[in-house]
Amino acid sequence: NSMTAEYKVHGSIAVITMSNPPVNGLGLATRQGIVDGLQRANADAAVKAIVITGAGGAFSGGADIKEFGTDKSMQEPNLHSVINAVENSGKPVVAAIHTVCMGGGLELALGCHYRVGAPGCQVALPEVKLGILPGAGGTQRLPRVVGVEAALNMIVSGEPVKSEMIGAVPGQKLFDKMAASPEALAEEALAFAASIADVRPLPLVRNLPCKHPEGDAYFQFARNMVKGMAKNFPAPAKCVDAVEAATKRKFADGLAYERELFINLMWTPESRALRHLFFAERAASKIPDVPSDTPKRDIQKVGVIGAGTMGGGISMNFLNAGIPVTILETKQEALDRGVATIKKNYEAQVKKGKLKEDKYAQRMALLSTTLSYDDLKDCDLIIEAVFEEMGVKEAVFKQLDAVAKPGAILASNTSTLDVDKIAAFTKRPQDVVGMHFFSPANVMKLLEVVRGKETAKDVLATVMAVAKKIKKTAVVSGVCDGFIGNRMIERYSQQAGFLLDEGCTPQQVDKAIEKFGFAMGPFRMGDLAGNDIGWAIRKRRAVEQPDMKYSKTADLLCEMGRFGQKTGAGWYDYQAGKRDAIPSDVVNKMIEEHRKTLSVAPRKVSDEEIVQRLVFALVNEGAKILEEGIASKSGDIDMVYLTGYGFPIHRGGPMHYASEVGLFNVVLAMNRFAQNPMDDASAWAPAPLLVKLAAEGKAFQ
Ligand code: 3H9
């Protein structure tokens, strides 16, 4: 028995059980184990048929993604050879499929002569989500068993389909039999194998026909759809090509074509970015010194202080997850306004058909409001979302300390303030933590969990679990001004300002970075978020960090009262009720005038320089954040930017992108930017970590 695939014989049936936790990924040892099992079974005269299944909570989650990019992924027996060995087995092979059957796991099953499925199994070819396509025959075999359109849909979307749904489709050939229940699968698969043990010839999916009656029109249509959906990713269009090949070429040629597309996609930066994202997302929830078995506090009831935009959005997350919320405000009008906004948001969802009436009613029933801190005394978690000023936070936390029950977690939604100071307002700093939501808090995926120096480990473990429950991507940050996200964005905004001073218009800067893939450039973003917010922060910093260099244009803009969309004017002009950013003569004139006061002759700045300065400014600050231990891994920084700041997914986050460009090149560019007298040379001094990695020819890990 190999460590990762078990072999047992039950009567005349051999059972090969993939056993490679957590999801029976088809790593080298598992692949070898399957091939060994097939050989053993074929050599044993007492064996009449073979069943392949998976141990634990999966049939198989597919190829072992951790092997990608290493020698092991291609090492023999590769998945193709395994599937060949299955197809060429002289004795019938039956896949017994349950829980998870994805990617290479499904491709393996499709190579088997028969398939018995358990209900409740998620069946998918999710490779497209990793920027590749199924590379072991999935694009050629799936259309032959579920039809061309259903197969293409599954391959292009990567989304799972429930086994019982496929099993119920008349004419489908994916499952030869559906077991009555997951528990009955093993027995029914054995019985099925015994029933077909002597049937010859052995059926092969590759021999089934693959046709679409209106092929040309259908594939043209599919291509158009895909082009609109996935403009930054090459894989979806290649999925269409591969499935089309299944309908037009001989099986072996289609398979070779799929292989070629698969290998080419594997080497694209888009696929590397998505694979990085897959692991970074899972790693973010793990905190190095907080073991996964750390006991968690029970969170049954949540209090939210503040019924403003943030407080309301935060509350909705918990209501959506079925957790009761009490919102506290100082005035009844504020409470009424807050509740009305929550209702309005839900009603919009109901209108769009995204939320059922009864669900809406259930959620509202979980919401209560109060003007008295006393009503928060049985809350397990209380999140403060009041005005961003230390004095206001002090008053709130002192009150909370007085009323909250022992063990309640006291969280602040502060985006820049010192969580340790806030914790010190209480006699229980171990129970205080930052929970920095992003606006709109009911929509944005990111949650920065700010770990104070005294925050208890079980508080962190609890907050990470709560984040998962309310479907957020939580990333832990240490305490510093702005935490991970806003501290970095500061440097990005600083560069955006200098670019104006040097000769750019806001629209040129926005266009360049939007072409790079950002959802929104810095100036459109400022107009959306409100330019007055940055103004207030700069005023505070002017006291704390008086030597920090900034373009004055942002202050001049605010002095003109142009706070953004909410005042109908910001870096751009806006028409009433519309969000289109219209270049503003007034603003461009203000920028020109300001240049004159600086005695600067405008120069033409290339789009490439704009993108490099904005992105590398993030990278340098990110490297410092990593070095200081504010973030525990570079993937955490990428997750913050991908889920909270609209950084383009196909670039994999700022740190991953820098590694793609090559850290040596990044340092060179920083040194060049530091020579620019209009810029802030000190900001471009490369972080020592960056210099070290660049010198060693390494990437961020
Ligand atoms: C492929 O098959 C290529 C072929 O077409 C061609 C080859 C020639 N490999 O998501 P979770 C780990 S491409 C290695 O939190 P869930 C994951 O890292 C592959 N590891 O759990 C995590 O580890 P850790 C196509 C894997 O219950 C742990 O499992 N397949 C793999 O929410 C738990 O993961 C896919 O793209 C893997 N394939 O969801 C499937 N899969 O605990 C991708 C998972 O150390 N996977 N891990 O952080 C999924 O969609 C989900 O993980 C799954 C479970 C639904 C399986």
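The values are calculated or read from the model by the stated rules, or taken from the named source; none is laboratory data. Everything numeric here is computed off the predicted structure, so don't read it as measured data. Note that we place each Cβ from the backbone using ideal geometry, even for glycine, and neighbour counts take in every protein chain shown. The accessibility values were calculated without ligands, DNA or RNA, using every heavy atom of the protein model including side chains. Shrake-Rupley method; radii C 1.70, N 1.55, O 1.52, S 1.80 Å.
Please specify each residue of the range 271-299 satisfying the condition of being touching a strand residue (DSSP E or B) at 6+ places or on another chain (Cβ under 9 Å) and over 20 Å from LYS453 (Cα atoms).
GLU281, ILE299
Filter the range 562-591 down to residues that are among the β-branched types (Val, Ile, Thr) and surrounded by 15 or more Cβ atoms within 10 Å (Cβ to Cβ), then give me how many there are.
Residues meeting the conditions: 3.
Which pairs turn up if I take residues in the range 335-356 that are surrounded by 11 or more Cβ atoms within 10 Å (Cβ to Cβ) and look for partners that are among the aromatic types (Phe, Trp, Tyr) and at pLDDT 95 or above with beta carbon separation below 9 Å, at least 6 apart in sequence or on another chain?
Between residues of the range 335-356 that are surrounded by 11 or more Cβ atoms within 10 Å (Cβ to Cβ) and residues that are among the aromatic types (Phe, Trp, Tyr) and at pLDDT 95 or above, the close pairs are LYS343/TYR360; TYR346/TYR360; GLU347/TYR360; GLN349/TYR360; VAL350/TYR360; LEU355/TYR346.
Any chance you could count how many residues in the range 542-554 are surrounded by 17 or more Cβ atoms within 10 Å (Cβ to Cβ) and assigned to a helix (DSSP H, G or I)?
Qualifying residue count, the range 542-554: 2.
Yes or no: LYS511 more than 17 Å from GLY570 (Cα to Cα) and modelled with pLDDT of 95 or more?
No: the conditions fail for LYS511.
Can you name every residue in the range 506-528 that is part of a helix (DSSP H, G or I) and open to solvent by 60 Å² or more (accessible area, probe 1.4 Å)?
LYS511, LYS515, ARG524, MET525, LEU528
More than 13 Å from the ligand (Cβ to nearest atom) and crowded, with 18+ Cβ neighbours inside 10 Å - does that describe any residue in the range 56-68?
Checked against the condition, which is being more than 13 Å from the ligand (Cβ to nearest atom) and crowded, with 18+ Cβ neighbours inside 10 Å, the range 56-68 yields no hits at all.
Could you figure out which of (1) within 16 Å of the ligand (Cβ to nearest atom); (2) closer than 12 Å to VAL82 by Cβ isn't true of GLY37?
(1)
Among the residues of the range 134-168, which ones are on the phi > 0 side of the Ramachandran plot and within 13 Å of the ligand (Cβ to nearest atom)?
GLY137, GLY158
Give, as residue ranges, the strands (runs of 3 or more DSSP E) completely inside the range 26-110 that count at least 3 residues that are touching a Leu at 6+ places or on another chain (Cβ under 7 Å) and aromatic (Phe, Trp, Tyr).
none
In the range 118-133, what count of residues is obtained for those that are open to solvent by less than 10 Å² (accessible area, probe 1.4 Å), in contact (Cβ under 8 Å) with a residue 60 or more places away in the chain and either within 12 Å of the ligand (Cβ to nearest atom) or not in a loop (DSSP other than H, G, I, E, B) (or both)?
Residues in the range 118-133 being open to solvent by less than 10 Å² (accessible area, probe 1.4 Å), in contact (Cβ under 8 Å) with a residue 60 or more places away in the chain and either within 12 Å of the ligand (Cβ to nearest atom) or not in a loop (DSSP other than H, G, I, E, B) (or both): 4 in total.
Could you list all residues from the range 26-37 that are in contact (Cβ under 8 Å) with a residue 40 or more places away in the chain and surrounded by fewer than 23 Cβ atoms within 10 Å (Cβ to Cβ)?
If the condition is that a residue be in contact (Cβ under 8 Å) with a residue 40 or more places away in the chain and surrounded by fewer than 23 Cβ atoms within 10 Å (Cβ to Cβ), then GLY27, LEU28, GLN32, VAL35 are the ones that fit.
Is one or more of the residues making up the range 81-98 within 12 Å of the ligand (Cβ to nearest atom), over 30 Å from the mean Cα position of the chain (by Cα) and not hydrophobic (A, V, I, L, M, F, W, C)?
Among the residues of the range 81-98, at least one is within 12 Å of the ligand (Cβ to nearest atom), over 30 Å from the mean Cα position of the chain (by Cα) and not hydrophobic (A, V, I, L, M, F, W, C), which makes the answer yes.
If you take the residues of the range 1-25 that are part of a strand (DSSP E or B) and closer than 18 Å to GLY104 by Cβ, which of them is nearest to the ligand (Cβ to nearest atom)?
Ranking the candidates gives MET18 first.
Please name all residue pairs, on different chains or six or more residues apart, with Cβ atoms under 6 Å, provided the first residue is in the range 549-567 and is within 26 Å of VAL600 (Cβ to Cβ) and among the charged types (D, E, K, R) and the second residue is open to solvent by 50 Å² or more (accessible area, probe 1.4 Å) and assigned to a helix (DSSP H, G or I).
none
Quick check on GLY105: is it more than 16 Å from the ligand (Cβ to nearest atom), in contact with a strand residue (DSSP E or B) (Cβ under 8 Å, 6 or more places away or on another chain) and touching a residue at least 60 places away in the same chain (Cβ under 8 Å)?
no
Among the numbered criteria (1) within 15 Å of the ligand (Cβ to nearest atom); (2) of a type in the set (A, V, I, L, M, F, W, C); (3) in a strand (DSSP E or B), which single criterion is violated by VAL304?
Failed condition: (1).
Kindly establish whether LEU371 is over 17 Å from GLN300 (Cα atoms) and either touching a residue at least 40 places away in the same chain (Cβ under 8 Å) or of a type in the set (Ser, Thr, Tyr) (or both).
Considered against the rule, which asks whether it is over 17 Å from GLN300 (Cα atoms) and either touching a residue at least 40 places away in the same chain (Cβ under 8 Å) or of a type in the set (Ser, Thr, Tyr) (or both), LEU371 comes out as yes.
Of the residues that make up the range 597-616, is at least one among the small types (Gly, Ala, Ser) and either assigned to a helix (DSSP H, G or I) or in contact with a His (Cβ under 8 Å, 6 or more places away or on another chain) (or both)?
no
Pull up the range 563-618, narrow it to residues that are small (Gly, Ala, Ser) and closer than 23 Å to SER682 by Cβ, then point me to the one that is nearest to the chain's Cα centre (by Cα).
ALA617
Could you say whether any residue in the range 310-319 is at positive phi and modelled with pLDDT of 95 or more?
no
For the range 191-242, which positions are under 30 Å from ILE13 (Cα atoms) and among the aromatic types (Phe, Trp, Tyr)?
PHE192, the sole residue that qualifies.
Please enumerate the residues belonging to the range 165-204 that are within 15 Å of ALA124 (Cβ to Cβ) and open to solvent by 80 Å² or more (accessible area, probe 1.4 Å).
Of everything in the range 165-204, just one residue is within 15 Å of ALA124 (Cβ to Cβ) and open to solvent by 80 Å² or more (accessible area, probe 1.4 Å), namely MET165.
Let's see how each residue does on (1) within 16 Å of the ligand (Cβ to nearest atom); (2) more than 30 Å from PHE219 (Cβ to Cβ); (3) surrounded by 19 or more Cβ atoms within 10 Å (Cβ to Cβ):
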| position | (1), (2), (3) |
| --- | --- |
| LYS238 | yes, no, yes |
| ALA246 | yes, no, yes |
| ASP253 | no, no, no |
| GLU270 | yes, no, yes |
| PRO288 | yes, yes, no |
| ASN317 | no, yes, yes |
| GLU329 | no, yes, yes |
